[in-house]
Structures are given as C-alpha cells and as structure tokens.
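The values are calculated or read from the model by the stated rules, or taken from the named source; none is laboratory data. None of the values given here were measured: they were computed from a predicted structure. Note that we place each Cβ from the backbone using ideal geometry, even for glycine, and neighbour counts take in every protein chain shown.
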Amino acid sequence: EGVEPTSTQNDRLLGGLMAPGLDELSCLSRYQYFRYRKTSRKPSSYLISRLRSYEQLHRRCGPNTESFKKSLQQVQSGHIDNTSDCNYVVWTFSNGLGNRMISIASSFLYALLTDRVLLIHHVPDIDMAELFCEPFPNSTWFLPLENPFNDDFKIFNGQSPKKYGNLVMNKKINTSTMPPPTHLYHYIAYDFEDQDKVFYQDEHQAFLVSVPWLILKSDEYFAPSFFLMRSFRQELDMLFPDKETVFHLLGRYLFLPSNEAWGLITRFYDAYLANADERIGIQIRVVNTQVNPFQSVMDGMLACLSSQKILPDVVETKKISTETRPRNQRKSKAVLIASLFPQYYENMKSKYWTRPTVTGELVGVYQPSHEEYQQFGNNMHNVKAWAEMNLLSLCDVLVTSSWSTFGYVAQALGDLKPWILYTTDSQVKHNPSCLRALSMEPCFHFPPILGCQAKYMRDNQVVFPPYNDCKPHVKLYANTSDPVHVQHCEDSTFGYKLV
Ligand code: GDP
C-alpha cells in the first residue's frame with residue numbers, strides 16, 4: 001500500500017476523473033485517495049471530456065470573472081441584456097450533510113446537462129466550510145457572500161410564492177413568457193408540492209434554458225428523474241453507460257476531503273483498519289429512539305450480521321478458549337461503527353471480547369466518535385461526519401440504515417452494495433432483518449410522483465405500475481422492451497433509484 005512507483009499516473013487520477021497538474025499539498029486527498037481504495041469504476045471518456053470542458057466553463061464564468069459580474073448586473077437591473085453568455089445554478093442547503101451532498105451532486109449533474117455553472121451558497125465559518133477541497137481548478141464554487149439573492153435565501157421555503165412551481169400555478173409565468181426573467185427559484189426538498197413537478201417536464205426545461213440564474217433549494221437526490229426525461233436521456237446515456245455510477249463518479253469528483261478531514265480519515269484508517277484481513281462498516285442511524293429503541297435495533301443488526309455471515313458468531317456458553325493457532329494464522333476482521341450513540345459499539349466490542357468466535361477469527365470493533373445528537377452550525381461535527389462517511393466507504397462490506405442519506409453517500413463513494421437495516425419503521429419486525437441493495441446509488445425519496453398512485457408518463461406511456469403492483473423491486477419500464485434503469489428503492493417503495 002502506498003508504494004508510489006507501482007502506481008500509474010492514471011490510477012492517481014482515478015482513471016482520468018481528476019484533472020492533472022494541480023498543487024498536491026493544497027488537497028492531499030485528490031492524489032492520495034487511490035492508495036486507500038484500489039478499485040474504482042472507470043468514467044466514460046465522454047464524461048472525462050465533459051468534466052474538463054466544465055472546468056473551463058467554470059473558470060471563464062465563475063466568481064471574480066468579468067462574465068460573472070455582468071451576469072449579476074442583469075439580475076440587479078432586472079432585464080437580460082446579453083452581455084454575458086454564462087448561466088448559473090445556485091444550490092442552497094437544507095438538512096444534514098448526506099442530504100446536502102446528494103443534492104449538490106444532482107445539481108452538478110443538472111449543471112452539466114444544461115451548461116450552467118454550479119455555485120454553492122454557504123454560510124462562512126460554519127456548516128460546509130472546511131469539509132472539501134475546491135473541486136474546480138483555479139476557481140471557486142462558492143457564491144460570493146455579497147449577492148442579490150441573500151434576502152431570498154433567508155425566506156425561501158416550500159411555500160414561497162416566488163418559487164417556480166407557484167409562479168406557474170398562479171399563471172404569473174408560462175413556458176412562452178417573454179422576455180424570460182433573469183432568475184428563478186425552484187424547490188426540490190422533501191416537502192415539495194404538486195406544482196413543483198413542472199421542473200421535470202421537457203417543455204419547462206426548454207423554457208428554463210433562457211433563464212440565466214436558477215436557484216435550487218434541495219435536500220434530495222433528484223438525479224434519477226433526469227433519466228426519465230426525453231431532453232436529457234441521450235446525453236445521460238453517453239455520460240453514464242453504467243447507470244449505477246452516477247453518484248460514485250460525480251461524488252468522487254466533487255467531494256474531495258479537505259486536508260483536515262483527510263487527516264481524520266487516514267489516521268483512523270491506518271491505525272485501526274489497515275491491517276485487518278477484512279473491514280466491515282456498520283452505520284447505525286436511528287432518527288427516533290422512541291420508535292426504534294436500542295435493543296430492537298441491536299437485535300436486528302446482530303441477526304443481519306449472523307444470517308448474512310458478515311461476522312462470525314461467538315460461542316454460546318462460557319468456555320475456556322481452545323484456540324491453539326498463533327495470531328498470524330487467524331483471520332482478523334475490523335468493524336467500524338458509525339453512529340451518534342455509543343451503545344452499539346459498547347455492546348459489540350464486549351461481545352467479541354468476552355467470548356471467542358466459533359471460527360477462531362479475531363474481531364476488533366472501533367468507533368471514531370459518538371456525537372449523541374445531530375448538530376447544526378458546528379463545523380467540527382460536520383468534519384467528523386464527513387470523515388466517518390469516508391471511512392465507511394473504505395470498508396470491504398457495508399451495512400447501512402434504511403432511508404439514511406449518510407449511508408447512501410458512503411455506499412456510493414465506496415462502490416458498495418450495502419446490506420440495509422430497517423431502522424425507520426415503527427413496531428414492524430422485519431424478517432430477514434436486512435436486505436441487500438440492488439445498486440450503490442442513493443434513493444430519490446420524494447420523486448415527482450405521489451406515492452404509487454400517480455401515473456407518470458414518458459413518451460405517453462405509463463412508466464410506473466398501478467398502486468397494487470407498487471412493491472419494492474418492481475422494475476419500471478417505459479415499454480416492455482425498454483428498461484429505463486430506474487427502479488423503486490429497497491428502503492422506500494415510493495422512492496426510486498438508478499440501477
Ligand atoms: P440522514 O439524516 O441519515 O439522511 O443523514 P444526514 O447526513 O443528512 O444528516 C444526519 C446528520 O447527523 C449528519 O450529517 C451528522 O451531522 C449527524 N450524524 C448522523 N449519524 C452520524 C454518525 O454516525 N456519525 C457522525 N459523526 N455524525 C452523524
């Protein structure tokens with residue numbers, strides 16, 4: 001591991017995903033990542049060329065450029081004067097880090113598909129600061145603090161009269177409005193409304209092309225929806241011949257751990273995980289501890305680990321170990337636990353300390369932090385969360401929690417199809433207690449259908465099955481011979497994902 005001469009330049013750049021020639025010390029993870037993760041899905045040569053041309057666009061149109069200034073002046077003056085040929089999509093936050101990352105990646109995909117420049121609205125010193133390296137060479141992806149949208153950011157929510165869906169619904173705007181507005185707001189968070197679905201219609205996308213600034217508020221992985229749209233389908237097929245790699249590739253490209261986060265990741269990995277024969281990551285996300293108390297989650301997790309043979313059982317009765325082999329002849333497994341709570345780790349560590357395993361394997365259990373509750377506006381809290389997502393992604397086997405975007409990021413970065421534990425349902429006992437994911441992609445929890453009752457049309461054909469057929473694993477077809485690679489999620493029957 002880490003032997004430079006045997007590694008080619010191409011490995012260092014993750015198969016061409018990363019631009020060459022940047023200062024290594026300013027972002028160590030950019031060129032060191034491959035030492036920790038040997039396999040990587042290869043990007044298509046078309047994606048590579050689109051990323052390089054995106055980087056040029058970002059440099060030409062990004063903050064501190066003449067085009068940028070001119071474009072913002074249009075927003076201030078209220079009319080489009082064609083002095084700038086740059087268009088933008090501004091992402092603004094809602095919810096935790098995993099939610100933010102999946103929605104940023106979706107926004108970046110949208111930027112690629114529509115030739116817009118992606119900018120991130122952030123609050124200085126807290127939240128997103130210091131987690132990532134700047135992804136786009138010789139530029140910044142942060143929207144300058146001084147900008148004409150600040151007042152709107154503060155009040156922008158699902159009910160805003162200014163959001164695109166409401167403007168359309170209230171007939172303030174339509175797809176032939178001339179001249180088009182300089183900027184529009186669009187809402188794609190979990191509590192979106194029916195009228196917000198227009199964003200996913202081809203004729204509305206054709207109109208939005210003429211609007212220079214689009215501000216998106218999102219906490220969702222809305223990328224899968226683009227695969228159901230005629231406007232984008234052909235381009236997406238070229239970008240991603242392998243549909244399952246969308247977040248994997250875009251996420252690795254965009255979200256490079258900052259030097260601070262990379263220190264947390266590598267120190268932990270090197271000290272606790274590197275020497276094991278196999279690494280097992282377990283992410284336990286319990287949002288409501290009343291509904292899912294410790295013991296029921298623990299029981300479900302142990303049942304999963306045992307039935308799927310992820311970890312060895314321990315001997316039933318107290319007995320003296322009869323193990324005679326020396327340490328180096330026994331397999332070792334390192335278990336990484338990520339959770340806000342310490343009990344799962346304590347319990348499992350004690351299990352493997354007090355009893356021998358039936359196979360004689362050695363099991364070490366580690367947990368980097370236990371923050372107790374989700375915190376906002378605390379940067380070190382976010383750095384730890386980001387480090388733990390990465391550590392999970394560096395494991396060989398992954399167990400995640402249903403519905404958790406934190407787990408989605410880990411699985412997709414790591415090219416891992418996780419075992420998903422049910423941690424969100426109340427009272428329901430699941431048998432088996434976990435389910436293998438069909439793909440590493442994140443789930444779009446609240447896609448533009450209303451549950452399964454709504455019928456979604458593509459090329460005038462029903463894509464989604466009627467309500468009664470709406471079970472997990474029902475493949476969604478535009479017609480019987482044309483698989484669309486979009487399928488209901490394992491952990492959310494009305495959500496859907498790429499497979
Ligand atoms: P989701 O709510 O599970 O979909 O994931 P999010 O990442 O969007 O929000 C959960 C937030 O809670 C994270 O961003 C962290 O701030 C915190 N959190 C949840 N689980 C963990 C964990 O295992 N480790 C750490 N360090 N933080 C966690």
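Could you list, in sequence order, all residues of segment 424-446 that are touching a Gly at 6+ places or on another chain (Cβ under 9 Å) and modelled with pLDDT under 85?
Answer for segment 424-446, where residues must be touching a Gly at 6+ places or on another chain (Cβ under 9 Å) and modelled with pLDDT under 85: LYS429, HIS430.
Let's see how each residue does on (1) among the aromatic types (Phe, Trp, Tyr); (2) at pLDDT 90 or above; (3) closer than 30 Å to ALA276 by Cβ; (4) surrounded by fewer than 20 Cβ atoms within 10 Å (Cβ to Cβ):
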| site | (1), (2), (3), (4) |
| --- | --- |
| GLY2 | no, no, yes, yes |
| GLY15 | no, no, yes, yes |
| GLY21 | no, no, no, yes |
| SER29 | no, yes, yes, no |
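Being charged (D, E, K, R) and away from the ligand (no atom under 16 Å from the Cβ) is the requirement here; does GLU146 meet it?
Yes.
Inspect all residues belonging to segment 301-310 and state whether any of them is in contact (Cβ under 8 Å) with a residue 24 or more places away in the chain and within 16 Å of the ligand (Cβ to nearest atom).
Yes, there is a match, as at least one residue in segment 301-310 is in contact (Cβ under 8 Å) with a residue 24 or more places away in the chain and within 16 Å of the ligand (Cβ to nearest atom).
Among the residues of segment 29-71, which ones are more than 15 Å from GLY16 (Cα to Cα), of a type in the set (S, T, N, Q) and in a loop (DSSP other than H, G, I, E, B)?
Listed by number, the residues that qualify are ASN64, THR65.
Within segment 80-94, count every residue that is modelled with pLDDT under 90 and over 30 Å from TYR190 (Cα atoms).
Going through segment 80-94 one residue at a time, the tally reaches 4.
Quick one: SER94 ticks every box in (1) surrounded by 21 or more Cβ atoms within 10 Å (Cβ to Cβ); (2) within 16 Å of the ligand (Cβ to nearest atom) except a single one, so which number is it?
Checking SER94 against (1) surrounded by 21 or more Cβ atoms within 10 Å (Cβ to Cβ); (2) within 16 Å of the ligand (Cβ to nearest atom), the one that fails is (1).
Among the strands (runs of 3 or more DSSP E) lying completely within segment 323-437, list those that include at least 3 residues that are within 27 Å of SER94 (Cα to Cα) and within 9 Å of the ligand (Cβ to nearest atom).
332-339
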